[in-house]
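What follows draws every value from the coordinates through simple rules; no lab data is involved. Everything numeric here is computed off the predicted structure, so don't read it as measured data. No Cβ is skipped: glycine too gets one built from the backbone with ideal geometry, and neighbour counts run over all protein chains shown.
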Amino acid sequence: GIMAGTGETVFEPTMELDRAMAAQLFYNLEGKPTVTGDSTFTDVTSGHWAVDAITWAAQNDIVAGIGGGLYDPDSNVTREQFAQMLYNYAKYKGYDLTAEGDLAQFPDSGSVADWAETAMSWANGNELINGHDDCTIDAGGAGTRAQAASILMNFDQNLVEN
């Protein structure tokens, strides 16, 4: 029940994950708790399909906007944004945040945004986000639904305290 298909019989694993879908994943992980209050983002109104997920995730510091009161729900989530969301969710849950990966092993490690370095290192150190076949970390690249499913499975196996 964490991820649904895009249709009754279609999953679309290569489809890029957008920011609304990402917030929905964390909301689903929490069992879709009751949301109180309204979205503070002007581009996430009461009619948006993920308004509860985005509102809950923002209220719990799992997701953040892009500035100017916007969340930008339909834009693709980057790998570093998803790493930051994972890190924030792990912090929210009280999980161990001490793991560190060596981002210098990736030839494009310099492309990791300053705000995402800790989260990317942590995600790599926990074997959640690794490099592509070409050995790049591709921090600013869009993540796919299949990658998100794999990352969440590894998150469950490597971090969730049963």
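For Gly47, the conditions (1) closer than 22 Å to Arg145 by Cβ; (2) surrounded by fewer than 18 Cβ atoms within 10 Å (Cβ to Cβ) all hold with the exception of (1).
Let's see how each residue does on (1) exposed (fewer than 15 other Cβ atoms within 10 Å of the Cβ); (2) free of Cβ contacts under 8 Å to residues at least 40 places away in the same chain; (3) within 15 Å of the chain's Cα centre (by Cα):
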{"residue": "Phe11", "(1), (2), (3)": "yes, no, no"}
{"residue": "Asn60", "(1), (2), (3)": "no, yes, yes"}
{"residue": "Ile66", "(1), (2), (3)": "yes, yes, yes"}
{"residue": "Gln84", "(1), (2), (3)": "no, yes, yes"}
{"residue": "Tyr92", "(1), (2), (3)": "yes, yes, yes"}
{"residue": "Asp102", "(1), (2), (3)": "yes, yes, no"}
{"residue": "Pro107", "(1), (2), (3)": "yes, yes, no"}
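Within the set Ala104, Ala90, Ala99, the sole residue that is under 14 Å from Asp138 (Cα atoms) and of a type in the set (Gly, Ala, Ser) turns out to be Ala104.
Any residue at all in segment 36-58 that's assigned to a loop (DSSP other than H, G, I, E, B) and under 23 Å from Leu159 (Cα atoms)?
no
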